[in-house]
Amino acid sequence: MSAGKLPADRADPLQHARSPNRTFGPQPPGAQFEVVGKRSRKVDAAGKATGEARYTDDLALPGMLHGKTLRSPHPHARIKRIDTAKAEALPGVLGVVTGAEMPVRFGVIPWTQDETALAVDKVRFIGDPVAAVAAVDEETAQAALRLIEVDYELLTPLFDPAEALARKDVVIHEGNKHGNVTKEVLLEFGDPDGALARSDFVVEDDYEFHGTAHAPIETHVALARYGSDGVLTLWSATQIPHYVHRELARVLDLPAPQIRVIQPHLGGAFGGKSDPFSLEFCAAKLAIKTRRPVKFLYTREEEFYAHRGRHPMQMRFKTGMTKDGRLTAVDSKILIDGGAYSSFGLVTTYYSGQLLTGPHDLPNYRFHSTRVFTNKPPCGPKRGHGSVQPRFALEVQLDRLAEKAGLDPIEVRRRNFQGAYTTTVNGQRVTSNGFDQCLAQVEAASGWKARRGKLGRGKGLGCAGSMYISGTNYCVYPNDMPQAGIQIKVDRSGLVTVFSGASDIGQGSNTVVATIVAEELGLRLEDVRVVAADSDLCPVDLGAYSSRITFMVGNAAIHAARKLRKLVQQAVAEEWGVAPERVALAGGFAFDLEERARVVSSAKAFHLAEAKFETLGATGSYNTPNLGGDYRGGTIGASPAYSFTACVAEVDVDLETGEVRVPHVWTSHDCGRALNPVLVEGQIEGSAYMGFGEVFLESHAVNQYGLTTRPNLLDYTIPTALDCPEFHASIVESLDPEGPYGAKEAGEGPLHPTIPAIANAIHDACGIWLTKLPFTPAKVLAALQAKAKADAASGGTRGGASGGASGGALGGDQGGKR
């Protein structure tokens, strides 16, 4: 179908909603569902709990070799010579590969392909892959790596993004006409300068967001086999099998039909497996060379080198507001540390500004974001890609403005609520919007009105809000084909098998697909089986990123299932001599709505349909409508629907040590409709958990030599159950007109407000504004001491934004605290 148009059978959601049959789009309040909206467990839960689920590293093939990667010990150097002769001569080594054998540059985004499977001429960070070997066991492979000789010419490394931006004499990627700049975006909407000049209150300050890693339980792993039929099969722990398939064909110069990519069960990703990676190409190349299966499994240390984690950002925000609490303008300037390669950096740069224009109405807005290369592990998409960092800055700014105006922070957000079915200042179409309900829920649940500012010294409450995309209008490689597809096969036993290209990375997308098909065909959930993420068997899906699967794959599933339902109803109706509208499907049966005693099993109904229409099957697809502003980059960040979140955090600050305890986090999320409330609540809590970890514990950084400082899960600290607050998740259902049954995303949006809510709660507790993450005890204590010194100099007591230190430095606004 063409972009922006639904197939004829779902062009009028309201028409379907008036019929007894379940429909595309939202149902009216109180609509009855058999499967949708029920609290069921994931379809793969039992297999994972019992150990039956097979992950990539669980797979072992006859004759399988083990691969290992030689990595650069230098952050920036030219490769003068590589000699692999000694490694190749080692008994037990069957293959060695270097960058010269795979010189084609790759990358998900066609315009920024700057990586090679192995370094060809230069290394650009400590850990950059240089060569790879395949041997009979891991010990032999490791021994072979030590025998590879590499001569390097050391070059000046750049670790600081400001220095990388300024230096013209040191270029990390020769041939880049913009020096070390990977992408620069300057967009202005309205008159921000004029609006700021007319504002009653203005807050301006610097904010810093540090780098963090995904830290999935399963590290990267890939297994390749080159068969006697000339077909290369790759099993990979990836969340983008389709893009891996495309890049394997390019880099290895193989016909695409001779490649099969399978994603087995995945042990977490969070965006960290959204790129093609060196091990996938090396496993494939060595399998072709040796004619033996080859497996690469990254160690935890290698996982931190592969990285693609949260971009560090240095942000300058200037925000204006009127006396009655209306925002006037936002002006931001952001420097983004991209690490050694582009990855998704083009999109990151846009997202750092484009996704900030809701849920608050911004009448005037400018952002100037610049991403630069540095000689550090490359950054990429991490849960809430590109917008978590500026959301932290903006939401803290709102609280500072609220304080200056003497207004309640939640009330300020209410007054600036943009509403539903509107267009943002940067041209993004907003459909359903339940942010006001989200605010009301966390306000009530936390006891905000009765407790904020009254908990005693060192204790406080803070709030924040956010929005996020439900998939993106921006397809990574331009084409007119669907962004998601589904195929359904009906068996005479009554079993329905759904073939989905979507990647279930633990978020439950297979359960969502099964739920929708079961609802549409009137089946029990256990009578639907999902086969997913196998390029030989399943339709193309673009991957598990940008929170796209529920919305896009869900709509494709409805499209396919509705075609089948129509055939089944028609065949049964003909058998009974009634109109098709009288035939309902539910609970594993087909029955007559007017004569309930007339009923047959779903299997029998399928038999009648197969006899009438031949072998039963159907396909369905989804593509976004044309969205976004009419300007360069206007489609990046445009989404068919946006989710909205409100959060309140409670903190307890030890004023003597600087330690911060978080007893409670309340998060309310507008997901359109909860297709499975258990899954949605899990995503809300998981997102809040990840944000909590980034506030206090996590930090991915390099030392003065460019070496990653904490490449293991002992030193890279993530919260345990003992560290965590009590997470309280609640759901708002705004019923989006284009989502499947009204559903929108729930996997990334709830993370955003957690971080600024905690920052704002710390200010409520002790009067300091923390603007530089992470909030370590040392930073908190330094800010408390700076505030005490400023209070003593001014004769003040508790609070006071003028005494509110920004991670040890004074804040940029003036005025007293309550």
Inset, instruction - State all residues of segment 512-528 that are open to solvent by 10 Å² or more (accessible area, probe 1.4 Å) and within 18 Å of L266 (Cα to Cα); if no residue qualifies, say none. - result: V512
Legend entry - Hey, A224 part of a strand (DSSP E or B), touching a strand residue (DSSP E or B) at 6+ places or on another chain (Cβ under 6 Å) and not charged (D, E, K, R) or not: yes
Legend entry - Matching residues, segment 491-505, being open to solvent by 20 Å² or more (accessible area, probe 1.4 Å) and either among the aliphatic types (A, V, I, L, M) or closer than 10 Å to I240 by Cα (or both): L495, I505
Inset, instruction - Could you tell me whether any residue of segment 627-638 is crowded, with 24+ Cβ neighbours inside 10 Å and in contact with a Cys (Cβ under 7 Å, 6 or more places away or on another chain)? - result: no
Inset, instruction - Return a yes/no flag: does segment 343-366 have any residue that is over 26 Å from G419 (Cα atoms) and basic (K, R). - result: no
Legend entry - Subset tally (residues that are under 26 Å from V93 (Cα atoms), open to solvent by less than 10 Å² (accessible area, probe 1.4 Å) and part of a loop (DSSP other than H, G, I, E, B)) for segment 252-294: 2
Inset, instruction - Please report, ordered by residue number, the strands (runs of 3 or more DSSP E) entirely within segment 125-210 with at least 1 residues that are of a type in the set (F, W, Y). - result: 149-154, 181-189, 201-209
Legend entry - Single residue of T754, T708, T717, T771 found to be in contact (Cβ under 8 Å) with a residue 12 or more places away in the chain, assigned by TED's automatic domain parsing to the domain that holds E443, open to solvent by 40 Å² or more (accessible area, probe 1.4 Å) and of a type in the set (S, T, N, Q): T717
Legend entry - Selected residue (criterion: farthest from V123 (Cα to Cα)) from residues of segment 295-352 that are open to solvent by less than 10 Å² (accessible area, probe 1.4 Å) and of a type in the set (D, E, K, R): R310
Legend entry - Selected residue [part of a loop (DSSP other than H, G, I, E, B) and either in the same structural domain as A590 (by TED's automatic domain parsing) or open to solvent by 10 Å² or more (accessible area, probe 1.4 Å) (or both)] from A560, A544: A544
Legend entry - All positions within segment 419-445 that are within 20 Å of E738 (Cα to Cα) and surrounded by 20 or more Cβ atoms within 10 Å (Cβ to Cβ): T424, Q428, V430, T431, S432, N433, G434, F435
Legend entry - Hits in segment 46-71 (condition: within 16 Å of V120 (Cβ to Cβ) and more than 29 Å from the chain's Cα centre (by Cα)): L70
Inset, instruction - Considering only residues that are assigned by TED's automatic domain parsing to the domain that holds V97 and farther than 23 Å from L707 by Cβ, look in segment 142-183 and name the one that is least open to solvent (accessible area, probe 1.4 Å). - result: A144
Legend entry - V600, sole failed condition from (1) touching a Leu at 6+ places or on another chain (Cβ under 9 Å); (2) in a loop (DSSP other than H, G, I, E, B); (3) open to solvent by 20 Å² or more (accessible area, probe 1.4 Å): (2)
Legend entry - Which listed residue is over 28 Å from A743 (Cα atoms) and part of a loop (DSSP other than H, G, I, E, B), from L407, L362, L401, L356: L407
Inset, instruction - Please specify each residue of segment 677-716 satisfying the condition of being closer than 23 Å to F125 by Cβ and in contact with a Leu (Cβ under 8 Å, 6 or more places away or on another chain). - result: E694
Inset, instruction - Keeping to segment 478-499, report how many residues are closer than 19 Å to A533 by Cα, hydroxyl-bearing (S, T, Y) and assigned to a loop (DSSP other than H, G, I, E, B). - result: 0
Legend entry - Qualifying residue in segment 317-331 (condition: touching a Ser or Thr at 6+ places or on another chain (Cβ under 7 Å) and either modelled with pLDDT under 95 or closer than 27 Å to E163 by Cβ (or both)): yes
Inset, instruction - Name the one entry in G462, G456, G471 that is without any contact (Cβ under 8 Å) to a residue 40 or more places away in the chain, of a type outside the set (F, W, Y) and either buried (at least 24 other Cβ atoms within 10 Å of the Cβ) or in a loop (DSSP other than H, G, I, E, B) (or both). - result: G456
Legend entry - Within segment 582-597, tally of residues that are in contact (Cβ under 8 Å) with a residue 40 or more places away in the chain and either under 41 Å from the mean Cα position of the chain (by Cα) or open to solvent by less than 30 Å² (accessible area, probe 1.4 Å) (or both): 7
Inset, instruction - Considering each residue of segment 508-537, count those that are assigned to a loop (DSSP other than H, G, I, E, B) and under 23 Å from the mean Cα position of the chain (by Cα), and give that number. - result: 3
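The values are calculated or read from the model by the stated rules, or taken from the named source; none is laboratory data. All values derive from a computational prediction rather than experimental measurement. Note: ideal-geometry Cβ built from the backbone for every residue, glycine included; neighbour counts use all protein chains shown. Surface areas here come from the heavy atoms of the whole protein model, side chains and all, with no ligands, DNA or RNA. Shrake-Rupley method; radii C 1.70, N 1.55, O 1.52, S 1.80 Å.
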